[in-house]
Amino acid sequence: MRRWMVLGLAACVVLAGLLGVGYAQAPRVIRIGVVVSATGPAAALGIPVRNAFLLYEELFRDAIPGYRIQYIILDDATNPTLAVQNARKLIAEDRVVLIAGSTVSVSALAMVDVTGEAGVPQMAMGATQNIVHPVDEKRRWVFLLPQTAASAIQAVTLDMRLRGIRTVGYIGFNDVWGEEWWTSLSAAAPNLGIRVVANERYARADTSVTGQVLRLLAARPDAVLVGASGTPAVLPQRTLRERGYRGIIYHTHAIGDPDVLRVGGKDLEGALLPVGPVVVAEQLPDNHPSKRPALEHKRIYESRYGPGSVSQFGAHVHDFWLIVRPALERALRRASLDNLPAFRAALRDEIEATRNLPGAHGVFTYSPIDHLGHRFEYSNVFVQVQGGRLKLLRTFLPRQ
């Protein structure tokens, strides 16, 4: 009986071929690894990134004919050691073609050795320049999605100059993110006649910065820059206000998130900061190249997660997809998924070939010597917290 069933099935296949009837072939799966800080101190950054990847997988998993996109998402709990472990697992066990992440600089930087040694492209969402600069043998595999501190500090110090700020105090994380902002501020401020009069640090998980704030107050700065990210950035501003500081307080672009604004509440009122264009998409002038892609991401994201849910962190996923989809399509014409090392190398080359691509966070152009991808004037806008929302104060578009 079983023999006749097999023969019958074979006959059906032959007959289908003769009649021109085909059987649908299952799509090949393209696995992409994602490492996010969905828990821990940087959860406010990682959760919208995770949410965006889940949504974009659902909407665009079949965007490349004959293939299916699968995101394998792992949480590093804001721990660089776990980020490295996740990267190794994604490469060795899940055999991903590239990795996105992590969402904090210290973790993204820790992953560079892993991805570089394995020859796996990495699209980093941390924003420190040394993740991708200089482009050496390891960093040639790594590309950046966010604006860097060195770029965003230009917007901060320009605002300081316009407001007549002469002295500034600094308080930031005691890690690579805090150091990046300190280094950028120290380099940029003197060129504009601004003197840095204090340098204080704290840990992401600290619950008090009273001592640091008292030393800041003793230095009597005209303004203070908080070199932090996510909800832990609220603590220095709250403490400064509680201790009577009435000067101007600046922040990094890593607090441009609805959850940070909600946690900060009235304590963040009046804070000044640079952000990516997507954060104030509707307020952008019509000639801004990011307005259309920013509004598109906002439409997609808010249709699932509700009005006002968009943050600049989740929008990095939109830019990731704009860059990676065409790179995947080109790489598939050059190499087979069956030869994973060759395909990863082809994909790296095609990401590097990205030119003049408008995204929600600016216009992306990579090259063999530049994996930052951003131009300052398109990637940064300057805003102020007013009534719990971010109000656009200025763009930096070149004059036409």
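The values are calculated or read from the model by the stated rules, or taken from the named source; none is laboratory data. All values reported here derive from a predicted model rather than from experimental measurement. Glycine also receives a Cβ, built like all others from the backbone with ideal geometry; neighbour counts cover every protein chain displayed.
Could you pull out every one of the helices (runs of 4 or more DSSP H) wholly within segment 75-178 that has 2 or more residues that are polar (S, T, N, Q), surrounded by fewer than 22 Cβ atoms within 10 Å (Cβ to Cβ) and not assigned by TED's automatic domain parsing to the domain that holds T239? Don't jump to the end; show me each part of the working.
Values: elements: 80-92, 105-118, 149-162.
By residue number, 80-92.
Residues of segment 346-374 that are surrounded by fewer than 18 Cβ atoms within 10 Å (Cβ to Cβ) and not β-branched (V, I, T): D349, A353, R355, N356, L357, S367, P368, D370. Give the residue that is farthest from D257 (Cα to Cα), with candidates limited to residues of segment 283-295 that are touching a Lys or Arg at 6+ places or on another chain (Cβ under 8 Å) and not polar (S, T, N, Q). Among them, the one singled out is P285. G308 meets the stated requirement of being assigned by TED's automatic domain parsing to the domain that holds R50 and at positive phi. If you check V310 against the conditions, is it among the β-branched types (V, I, T) and modelled with pLDDT under 95? So V310 passes the test. Go through segment 352-400 residue by residue and tally those that are charged (D, E, K, R) and assigned to a strand (DSSP E or B). Summing the residues that are charged (D, E, K, R) and assigned to a strand (DSSP E or B) in segment 352-400 gives 4. Among the residues of segment 198-211, those identified as at pLDDT 95 or above and buried (at least 17 other Cβ atoms within 10 Å of the Cβ) are A198, N199, E200, R201, Y202, V209. Of the numbered criteria (1) part of a strand (DSSP E or B); (2) in contact with a His (Cβ under 7 Å, 6 or more places away or on another chain), the one H318 fails is (1). Look at (1) within 15 Å of the chain's Cα centre (by Cα); (2) under 25 Å from A188 (Cβ atoms) and you find that R139 fails only one, number (1).
Listed by first and then second residue, the pairs with beta-carbon distance under 8 Å, at least 6 apart or on different chains, first residue in segment 201-224 and over 14 Å from N174 (Cα atoms), second of a type in the set (K, R), are T210/R243; V213/R243; L214/R243; L217/R243; D222/R166; A223/R163.
Can you go through S309, S290, S303, S336 and tell me which one is touching a Phe, Trp or Tyr at 6+ places or on another chain (Cβ under 7 Å), hydroxyl-bearing (S, T, Y) and without any contact (Cβ under 8 Å) to a residue 24 or more places away in the chain? Please lay out each step first, then the result.
Details: S309 fails: without any contact (Cβ under 8 Å) to a residue 24 or more places away in the chain; S290 fails: without any contact (Cβ under 8 Å) to a residue 24 or more places away in the chain; S303 fails: touching a Phe, Trp or Tyr at 6+ places or on another chain (Cβ under 7 Å).
Only one candidate qualifies: S336.
State whether the residues of segment 52-65 include one that is part of a helix (DSSP H, G or I), assigned by TED's automatic domain parsing to the domain that holds Y301, hydroxyl-bearing (S, T, Y) and touching a residue at least 60 places away in the same chain (Cβ under 8 Å). Reasoning before the result, please.
Quick first cut of segment 52-65, residues part of a helix (DSSP H, G or I) only: 52-60.
Pick out the ones that are also assigned by TED's automatic domain parsing to the domain that holds Y301 and you get 52-60.
Those left that are additionally hydroxyl-bearing (S, T, Y): 56.
Checking the rest, the ones that are also touching a residue at least 60 places away in the same chain (Cβ under 8 Å) come to 56.
Checking segment 52-65: at least one residue is part of a helix (DSSP H, G or I), assigned by TED's automatic domain parsing to the domain that holds Y301, hydroxyl-bearing (S, T, Y) and touching a residue at least 60 places away in the same chain (Cβ under 8 Å).
For segment 221-251, what are the residues that are closer than 21 Å to V106 by Cα and out of contact with any strand residue (DSSP E or B) (no Cβ under 6 Å at 6 or more places or on another chain)? Passing the criteria: S229, G230, T231, P232, V234, L235.
Across segment 145-160, what is the total count of residues that are among the hydroxyl-bearing types (S, T, Y) and closer than 10 Å to L185 by Cα?
Adding up the residues that qualify gives 1.
Of these, L235, L268, which one is assigned by TED's automatic domain parsing to the domain that holds A203, on the phi < 0 side of the Ramachandran plot and touching a Lys or Arg at 6+ places or on another chain (Cβ under 9 Å)? When all the criteria are applied, what remains is L268.
Looking at segment 187-211, which of the residues that are assigned to a loop (DSSP other than H, G, I, E, B) and of a type outside the set (A, V, I, L, M) is nearest to S151 (Cα to Cα)? Spell out how you get there, then give the answer.
Of all residues in segment 187-211, those assigned to a loop (DSSP other than H, G, I, E, B) come to 193-194, 203-209.
Okay, now just the ones that are also of a type outside the set (A, V, I, L, M), so 193, 204, 206-208.
Numbers: G193: 19, R204: 23, D206: 27, T207: 30, S208: 30 Å.
Across segment 187-211, the extreme among qualifying residues is G193.
Is it true that R325 is under 20 Å from the mean Cα position of the chain (by Cα), surrounded by fewer than 21 Cβ atoms within 10 Å (Cβ to Cβ), of a type outside the set (D, E) and not assigned by TED's automatic domain parsing to the domain that holds D259? So R325 fits the description; yes.
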